[in-house]
Amino acid sequence: MTRPDTPAQTSPAANQQWGGRFAAGPAEIMGRINASIGFDQRLWRQDIAGSKAHAAMLGTQGIIEPADVSAITAGLDAIAAEIEAGRFSFDEALEDIHMNVEARLSAAIGDAGRRLHTARSRNDQVATDFRLWVRDAIDALDAQVVGLMVALATRAAEYAATPMPGFTHLQTAQPVTFGHHLLAYVEMLSRDRGRLRDARARLNELPLGSAALAGTSFPIDRHAVAAALGFDRPTANSLDAVSDRDFALEYLSALSILAVHLSRLAEEIVIWCSQPYHFIRLSDAYTTGSSIMPQKRNPDAAELARAKSGRITGALVGLLMVIKGLPLAYAKDMQEDKQPVFDATDAAGLALAAMEGMVRDLVADAAAMRAASGSGYATATDLADWLVRVLKLPFRDAHHVTGQIVALAERQGVDLAGLELAAMQSVEPRITAAVFDVLTVEASVASRTSYGGTAPGNVAAQAAGWLQRLEISR
């Protein structure tokens, strides 16, 4: 009679990868927790590419016969076609993408397929596949980041002279232009591209050939495989190669910062769409309605893009916790590395697509922006600057005088441009009517000609420069 705590057994076929060490199959729950094919099948292109490069090197080094190399290459190409066409049957009992591909290959071509695993381990194989996948993901996301930057720079050129309020503490501070505001995100995204490129450069070393953890006694040529797969060089330490996941952590870190930037822009779109602001309008393509309030137009695409930042930063924190206590070299914990990376990549791709779509779709309400630009005594700094420039007051004194004038305007319920000259002169007698030339929103933004400032000419030039550079980088 079977004891209640005896593990349920699976067929011997589920245990073929372990050779003769294990006589019985794993418990059903062990099979479920151990299997990764449900998610790591996404690595199939990279797994097949790595196997083809490995087989070619084995043949060149005389480790396997040329006929075996030909059979392996043709067999892997056939498997790739099956997967691409959706005809490949993934088997959870074979655990992962590596064993699924190898088992199918061996079934198709016999002994040659079983020779493919010579001089490698699943440890260095998965590390290679994963690096290849992350490298491909970076390249794809970089193209999306560029697309968003182009959209932002294009709209910045269109709105280079459109005033809007610039905020600090979400309080009106000084007038800027809408184009200038959009270009701020182009700058952020440019740094995000730099971080992703840096991560790509650092991950671009080949783990394959490190085997399980100690290297191999076969006369392999790791440099040849590295070149074939587009890596800069092989990894220099076999222990590090199979146990390192800092390339994934760095990638998720760069994605997290990118996601925060996207979230900030999404939040601003939500604010700008709200009725108190009404700075922009999104079309039906990027908004939804309410099941009960027929008047509603909700910026759901922006809200969902904003929410993706939580998933992406959560993926980073989750993987940090997986890796933090692992001794060298490989541990099965590392099977948990791919799902957060896959999920974060998908989330980032969706958020980027949504943000680009909204930026291209939005229409600015220039009148609403212009009206808000002059609220909250936004040209007070221009008044202080005029006092320094014309009356030669020290800035701290000018700041004090301006504060008194703002308080006076506030008591009278007018903006600075609407305050009588005599009222200003009651605070500082030397003020002349020329001061009114600097108190308009248009004069304020036009005066900010310092490099990086919001003057429309600056913004137009910056937008044009970005569009030119981005076109070259595509």
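The values are calculated or read from the model by the stated rules, or taken from the named source; none is laboratory data. This structure is a prediction, so every number in the text was calculated from the model and none was measured. Don't worry about glycine lacking a Cβ; one is built from the backbone with ideal geometry, like all the others, and counts go over all protein chains shown. Protein only, heavy atoms only, side chains kept; ligands, DNA and RNA dropped before computing areas. Shrake-Rupley method; radii C 1.70, N 1.55, O 1.52, S 1.80 Å.
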Item to complete: Go through the residues of the range 178-185 one by one and say whether even a single one is surrounded by fewer than 21 Cβ atoms within 10 Å (Cβ to Cβ) and outside the structural domain of residue 49 (by the TED database).
Response: yes
Worksheet item: Looking at (1) buried (at least 21 other Cβ atoms within 10 Å of the Cβ); (2) within 13 Å of the chain's Cα centre (by Cα); (3) among the aliphatic types (A, V, I, L, M), can you tell me which one residue 282 breaks?
Response: (2)
Worksheet item: Could we say that residue 430 is without any contact (Cβ under 8 Å) to a residue 60 or more places away in the chain and either assigned to a helix (DSSP H, G or I) or of a type outside the set (D, E, K, R) (or both) here?
Response: no
Response to the item:
Looking across the range 112-132 at residues that are without any contact (Cβ under 8 Å) to a residue 40 or more places away in the chain and more than 33 Å from the chain's Cα centre (by Cα), the single one that is farthest from residue 48 (Cα to Cα) is 114
Worksheet item: Inside the range 307-362, can you point out the residues that are surrounded by 16 or more Cβ atoms within 10 Å (Cβ to Cβ) and not in a helix (DSSP H, G or I)?
Response: 329, 330, 362
Discussion item. Against the conditions (1) more than 36 Å from the chain's Cα centre (by Cα); (2) closer than 23 Å to residue 173 by Cα; (3) open to solvent by 20 Å² or more (accessible area, probe 1.4 Å), where does residue 416 fall short? Just the number, please.
Written reply: (3)
Worksheet item: In the range 205-237, which residue that is hydroxyl-bearing (Ser, Thr, Tyr) and over 15 Å from residue 131 (Cβ atoms) is most open to solvent (accessible area, probe 1.4 Å)?
Response: 217
Discussion item. I'd like to know if the range 189-202 contains one or more residues that are more than 23 Å from the chain's Cα centre (by Cα) and either among the basic types (Lys, Arg) or open to solvent by less than 10 Å² (accessible area, probe 1.4 Å) (or both).
Written reply: no
Worksheet item: On the given criteria, is residue 433 open to solvent by 20 Å² or more (accessible area, probe 1.4 Å) and within 36 Å of the chain's Cα centre (by Cα)?
Response: no
Worksheet, complete the sentence: Every listed condition ((1) within 27 Å of residue 272 (Cβ to Cβ); (2) surrounded by 16 or more Cβ atoms within 10 Å (Cβ to Cβ)) holds for residue 401 save (1)
Worksheet item: Of everything in the range 109-122 that's of a type outside the set (Asp, Glu) and open to solvent by 30 Å² or more (accessible area, probe 1.4 Å), which residue is farthest from residue 216 (Cα to Cα)?
Response: 109
Discussion item. Taking the criterion of being of a type in the set (Ser, Thr, Tyr), open to solvent by less than 30 Å² (accessible area, probe 1.4 Å) and touching a residue at least 60 places away in the same chain (Cβ under 8 Å), would at least one residue in the range 133-156 satisfy it?
Written reply: no
Worksheet item: Out of curiosity, is residue 469 of a type outside the set (S, T, N, Q), under 42 Å from the mean Cα position of the chain (by Cα) and surrounded by 12 or more Cβ atoms within 10 Å (Cβ to Cβ)?
Response: yes
Item to complete: Check every one of the helices (runs of 4 or more DSSP H) wholly within the range 22-87 and list those with 3 or more residues that are open to solvent by 70 Å² or more (accessible area, probe 1.4 Å).
Response: 28-34, 66-85
Worksheet entry | Exclusive hit being farther than 30 Å from residue 227 by Cβ and at pLDDT 75 or above, set 38, 25, 20 | 38
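Residue-by-condition table, conditions (1) touching a Phe, Trp or Tyr at 6+ places or on another chain (Cβ under 9 Å); (2) part of a helix (DSSP H, G or I):
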| position | (1), (2) |
| --- | --- |
| 252 | no, yes |
| 256 | no, yes |
| 261 | yes, yes |
| 264 | yes, yes |
| 267 | no, yes |
| 272 | yes, yes |
| 278 | yes, no |
Practice prompt. Output the residues belonging to the range 156-176 that are closer than 12 Å to residue 454 by Cα, in a strand (DSSP E or B) and under 27 Å from the mean Cα position of the chain (by Cα).
Written response: 166
Worksheet item: Which residues, counting only those in the range 404-423, are without any contact (Cβ under 8 Å) to a residue 12 or more places away in the chain and either closer than 14 Å to residue 381 by Cβ or in a helix (DSSP H, G or I) (or both)?
Response: 407, 411, 412, 418, 422
Worksheet item: If only one of 47, 136 is within 20 Å of residue 245 (Cβ to Cβ), at pLDDT 95 or above and in the same structural domain as residue 242 (by the TED database), which one is it?
Response: 136
